[in-house]
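Worksheet for the structure shown next.
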Amino acid sequence: MRKIQMVDLKGQYEVIKDEVNASISNVLETSTFINGPEVHAFQKELEDYLGVKHVIPCANGTDALQIAMMGLGLKPGDEVITADFTFAATVEVIALLQLTPVLVDVELDSFNIDPVALEKAITPKTKAIVPVHLFGQCANMDAVLEIAEKHNLFVIEDNAQAIGADYTSENGSKQKAGTMGHVAATSFFPSKNLGCYGDGGAIFTNDDELAHTLRGIVNHGMYERYHHDVVGVNSRLDSIQAAVLRSKLSRLDSYNARRRAAAKKYSKAFEGNKNITVPQMANGCAEICDSCDCHVFHQYTLRILNGQRDELVKHLAEKQIPCGVYYPIPLHRQKAYLDERYQEKDFPVTNQLVKEVISLPMHTELDDEQITFITQTIIQFIG
Ligand SMILES: *Cc1c(COP(=O)(O)O)cnc(C)c1O
């Protein structure tokens, strides 16, 4: 059996090596390292793929979130509500801009922001909501968008983990993750579903005026050369990364299909196990689909219900099976983000999930032998 990896970037590279090497070499030959034709071509191709009017490439996903918030003109003291159960980058940029992060609990089934907790946290100072499409599945955007409209709030989608995912609204219409809010941020960190070979990120919006503002902010607040109208940042996607991303974008649907197929095999193996809850489909689909990208499995995350999650992590390490605990500590208990408004009774689900979750190896190169070894090892240990 091949060695099991959490993410197999090398195996994926081997398949596209000739194409990627040629396009990287082309960037080197033309030496258009920044803002070259590859960046523009990738931007257009991603706009077409997502069905969104504007993609603004930038240096990483954290910058993308920050720049999106800068572009909306949020002011120090404005409250921004997001999920307690997410990667710290989401809340970090809120705090960095001197906005006030307000963390709320998530749903047990989807791991995504709980619309009831969200609406309860709204105050007159609330200006924006950041739903995170965690692990590859969209938050309940029908509810989030309805609440946002009712209270006149911006919606900034954190789409770092769900590029390519479909969201089917209650009215039946289908949209790509990251195209439903006022603005969205994504990351092209190597291990993400659409990852480059370094750092990268992008902002999406359908709003022409906001897109114009964002394009200036990523480039030192310049709209005309050496005229700085607003305070900006330097955040660029380079041409080599864009060249890699073009090759991988053309394969994104098949990559995501491979992740879904692996997820389906995992879930089938754990079927009926009373100590294990497999990932639940939240937005209209009853199970993992063959044809629809309702979940793109950035992570395949189990809940271990018998209190043995930590023992399982140790056992898997002994068996040379990598795994991850995303995330082990709720953000509301992280030193950097403590706030006296938080009470433990308001976070029952996150407090439970941090003790139960375990993410299994998930990537495009997993084979059946590896999946069987992983699932059998877990079932033998957990019972
Ligand atoms: C990866 C990630 C980010 C940050 O992206 P970087 O490119 O690493 O800066 C933000 N939010 C979430 C949910 C992520 O998973």
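Things worth noting here:
- Among the conditions (1) within 27 Å of VAL244 (Cβ to Cβ); (2) crowded, with 22+ Cβ neighbours inside 10 Å; (3) within 13 Å of the ligand (Cβ to nearest atom); (4) within 13 Å of the chain's Cα centre (by Cα), the only one that PHE189 does not satisfy is (2).
- Against the criterion of being closer than 27 Å to TYR300 by Cβ, of a type in the set (Phe, Trp, Tyr) and at pLDDT 95 or above, PHE111 qualifies.
- Among the residues of this structure, ALA269 counts as one that is in a helix (DSSP H, G or I), modelled with pLDDT of 95 or more and small (Gly, Ala, Ser).
- Annotation: of all residues in the stretch 272-315 being acidic (Asp, Glu) and at pLDDT 95 or above, the one that is nearest to the ligand (Cβ to nearest atom) is ASP310.
- Residues satisfying the stated conditions in the stretch 272-305, i.e. of a type in the set (Phe, Trp, Tyr) and outside any loop (DSSP other than H, G, I, E, B): TYR300
- Here the helices (runs of 4 or more DSSP H) wholly within the stretch 1-87 that include at least 3 residues being under 18 Å from the mean Cα position of the chain (by Cα) are 37-50, 61-71.
- In the stretch 250-269, the count of residues that are in the same structural domain as ASN193 (by TED's automatic domain parsing), within 16 Å of the ligand (Cβ to nearest atom) and among the charged types (D, E, K, R) is zero.
- Residue in the stretch 16-29 that is within 16 Å of the ligand (Cβ to nearest atom), out of contact with any Cys (no Cβ under 8 Å at 6 or more places or on another chain) and touching a residue at least 12 places away in the same chain (Cβ under 8 Å) present: no
- Scanning the stretch 108-140 for residues that are assigned to a loop (DSSP other than H, G, I, E, B), more than 16 Å from the ligand (Cβ to nearest atom) and not aliphatic (A, V, I, L, M) yields ASP109, ASP114, THR123, PRO124, LYS125, ASN140.
- Counting only residues that are within 30 Å of LYS3 (Cα to Cα) and surrounded by 14 or more Cβ atoms within 10 Å (Cβ to Cβ), the stretch 320-339 holds 7 of them.
- Residue list for the stretch 191-231, restricted to those being small (Gly, Ala, Ser), in contact (Cβ under 8 Å) with a residue 60 or more places away in the chain and in contact with a helix residue (DSSP H, G or I) (Cβ under 8 Å, 6 or more places away or on another chain): SER191, GLY195, GLY200, GLY201, ALA202
- GLU149 modelled with pLDDT of 95 or more, closer than 13 Å to ALA177 by Cα and outside any loop (DSSP other than H, G, I, E, B): no
- Qualifying residue in the stretch 67-76 (condition: of a type outside the set (D, E, K, R), farther than 25 Å from HIS212 by Cα and surrounded by fewer than 24 Cβ atoms within 10 Å (Cβ to Cβ)): no
- Of the residues making up the stretch 168-187, those that are of a type in the set (A, V, I, L, M) and assigned to a strand (DSSP E or B) are VAL183, ALA184, ALA185.
- Residue in the stretch 222-233 that is surrounded by 21 or more Cβ atoms within 10 Å (Cβ to Cβ), within 16 Å of the ligand (Cβ to nearest atom) and in the same structural domain as VAL15 (by TED's automatic domain parsing) present: no
- Within the stretch 86-95, considering residues that are under 28 Å from LEU252 (Cα atoms) and of a type in the set (Gly, Ala, Ser), the one nearest to the ligand (Cβ to nearest atom): ALA89
- The set of residues in the stretch 202-257 that are more than 28 Å from HIS363 (Cα to Cα), in a helix (DSSP H, G or I) and not polar (S, T, N, Q) comprises ASP208, GLU209, LEU210, ALA211, HIS212, LEU214, ARG215, GLY216, ILE217.
Conditions (1) within 16 Å of the ligand (Cβ to nearest atom); (2) of a type in the set (Val, Ile, Thr); (3) within 30 Å of ALA242 (Cα to Cα), marked per residue:
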position: GLY51; (1), (2), (3): no, no, yes
position: ILE56; (1), (2), (3): yes, yes, yes
position: ASN60; (1), (2), (3): yes, no, yes
position: ASP63; (1), (2), (3): yes, no, yes
position: MET69; (1), (2), (3): yes, no, yes
position: PRO76; (1), (2), (3): no, no, no
position: VAL80; (1), (2), (3): yes, yes, no
position: ASP84; (1), (2), (3): yes, no, no
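- Scanning the stretch 178-201 for residues that are closer than 20 Å to ARG236 by Cβ and among the β-branched types (Val, Ile, Thr) yields VAL183, THR186.
The values are calculated or read from the model by the stated rules, or taken from the named source; none is laboratory data. Not measured: the values here are computed from a predicted model. A quick note on method: Cβ atoms are made from the backbone with ideal geometry, for glycine too, and the neighbour counts reach across all protein chains shown.
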